[in-house]
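Here's the structure, in structure tokens; my notes come after.
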Amino acid sequence: MIAAETGARVVIVVIGGGRDARRVSRYGRIAVVRLEGERRRGSAVGYVGEYIDFLLRAWALIRHDPRFQSARIFHVHTLPDFLVGATRNARKRGARVILDLHEIFPEFTASKFPGWKGRIGRRVALWLERWSRRQADVVVTVNRAVESELRSRPARSHERIAVVHNFADPAEFGPQRLTTGMIQNPVRLVYHGTLTPLYGLDLAITAVARARESGIDVSLDLFGSGPSASSLADLITRLGLHDRVQLRGIVPHHVLRDLLPAYDAGLVPTRLDVMTRFSLSTKLLEYIHLGLPVIIPAIPTYLDYFPPACAWYFEPNSATAMARAITEFVGAEPGERVQRAAAAQAASAAQLDPELDAAVLKGLYEEMLGLGEPA
């Protein structure tokens, strides 16, 4: 972990309820503290209740636990932005704060809760975003699109914003590979991640059905779990795709790493909305690292990082357009598949350097600890 590389002791505070039931666990210089809590995802009230509960527990821990009295840096990962409020007493003692925006909160709120709830929620989230950013010494975010949007609505003068891309360590996926461009029937597509409506898996299943109706022998494996699992299973049954679309469930990371390169292409069916227009899919970056061709929606951030020659793009939110892109991928020459996959890897290498991003974050830590020059 980058923070531990500075030589400092690191404590990670998370909500409990995972596989590890221990209150505190230690891994060398890193300790993990699990706060009691309950995940109530689903409704607006459930989200707000869960967030406020964790905020109050974290605030109490930081204020009253003597082990946090000498903490010098607090790195707050969102959502929600207002979790930075847990550091109030620590900031009064002189601690420095990094606010790490993994999502763009106002747009997330509008996307999660359509209609009047989302409109009101976005206004509240905009206020909370500005307030939260003012509490931080540095704001960190995950890509250029989010950085640009944040700079268009500054929270204060001379605000520091840094980009540290949100991707898995390439070392965890092994060395970069590249497709041979050769495919056999059935053409094997893959998706891994959360099964949720926002990620458009229903569109992907429908697209597979339409591609098959046009004579393309294609299959799709979905790895992961989520609230859409049962409805997706029903859709697979209704479309008669039980032998071509499989819900594979969750598999360990090291197993998935070995499975993915066997597929012909990675399919990213994410819907385009007010939030995802700022997203850069981690799964997309992983497919590109592994040398898989990718079939992806024309989301602005994707196009910013990966020009059209890097992928088979389709109009977002359209199963018909996705089916057309699948057909175009299958009809391409092997050399074109290799060429687009290689172009994507080259674009990734030119813009996304894990070592450089790690150095940016480590530089922030060292500066705040008084170990280096301002980043």
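The values are calculated or read from the model by the stated rules, or taken from the named source; none is laboratory data. Bear in mind that the values here come from a model prediction, so they are computed numbers and not experimental data. Glycine gets a Cβ as well: all are built from the backbone with ideal geometry, and neighbour counts include every protein chain shown. Ligands, DNA and RNA are excluded from the accessible area calculation, which covers all protein heavy atoms including side chains. Shrake-Rupley method; radii C 1.70, N 1.55, O 1.52, S 1.80 Å.
Structure values in brief
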| quantity | calculated |
| --- | --- |
| Exposure ranking of E336, E129 by accessible area [1.4 Å probe, largest first] | E336, E129 |
| In sequence order, calculated HN-Hα J values of segment 27-35 (Karplus, 6.51, -1.76, 1.60; Hz; x Gly/Pro) | 9, x, 7, 10, 10, 10, 10, 9, 8 |
| Listed residues L128, L284 arranged by accessible area, highest first, probe 1.4 Å | L128, L284 |
| Among L352, V24, L235 - extreme Cα towards positive end, dipole of the chain, charges at beta-carbon | V24 |
| Modelled FRET efficiency - R0 41 Å, M1 with A233, Cβ distances, 0.05 increments | 0.60 |
| Mean separation of Cα contacts under 8 Å (6+ apart) over length of the chain, as relative contact order % | 14 percent |
| Residues with amide H under 5 Å from that of I73, placed H, sequence gap 5 or more | R96 |
| The chain: angle of helix 229-238 to the longest principal axis, Cα-based, in degrees nearest 10 | 10 degrees |
| Extreme residue, positive dipole direction of segment 288-375, given options A311, A332, L371 (C-beta unit charges) | A332 |
| Linear extension gain, V163 paired with N185, 0.36 nm per residue minus alpha-carbon span | 3.7 nm |
| Long-range HN-HN contacts of F314 with modeled amide H, under 5 Å | I296, A298 |
| Per-residue SASA entry for V251, accessible area with 1.4 Å probe, Å² rounded to 10 | 40 Å² |
| Share of carbon and sulfur in the accessible heavy-atom surface of the chain [1.4 Å probe, %] | 54 percent |
| Spin-label pair I30/R72, simplified geometry with 7 Å Cα→Cβ offset, distance in nm | 2.0 nm |
| Amide proton proximity set for V11, modelled H, under 5 Å, gap of 5+ | A31 |
| Percent of Cα pairs exceeding the 40 Å cut-off, where the set is the chain | 19 percent |
| Ranked order, S132, S111, S230 - accessible area, probe 1.4 Å, largest first | S230, S111, S132 |
| Accessible area expressed per residue, the chain, with surrounding protein chains retained (probe 1.4 Å, Å²) | 48 Å² |
| Per-residue SASA entry for E213, accessible area with 1.4 Å probe, Å² rounded to 10 | 150 Å² |
| Under the Karplus curve 6.51 cos²θ - 1.76 cosθ + 1.60, θ = phi - 60°, whole-Hz ³J(HN,Hα) for segment 206-222, x wherever Gly or Pro sits | 5, 5, 4, 4, 5, 5, 5, 4, 8, x, 8, 8, 10, 10, 9, 10, 10 |
| Residue-level accessible surface for H254, protein heavy atoms, 1.4 Å, Å² | 100 Å² |
| Tilt relative to the chain, helix 116-134 - C-alpha long axis, 0 to 90 degrees, to 10 | 50 degrees |
| Note, ³J(HN,Hα) from phi for segment 52-66, Karplus 6.51, -1.76, 1.60, rounded to Hz, x at Gly and Pro | 5, 4, 5, 4, 5, 5, 5, 4, 5, 4, 5, 6, 9, 6, x |
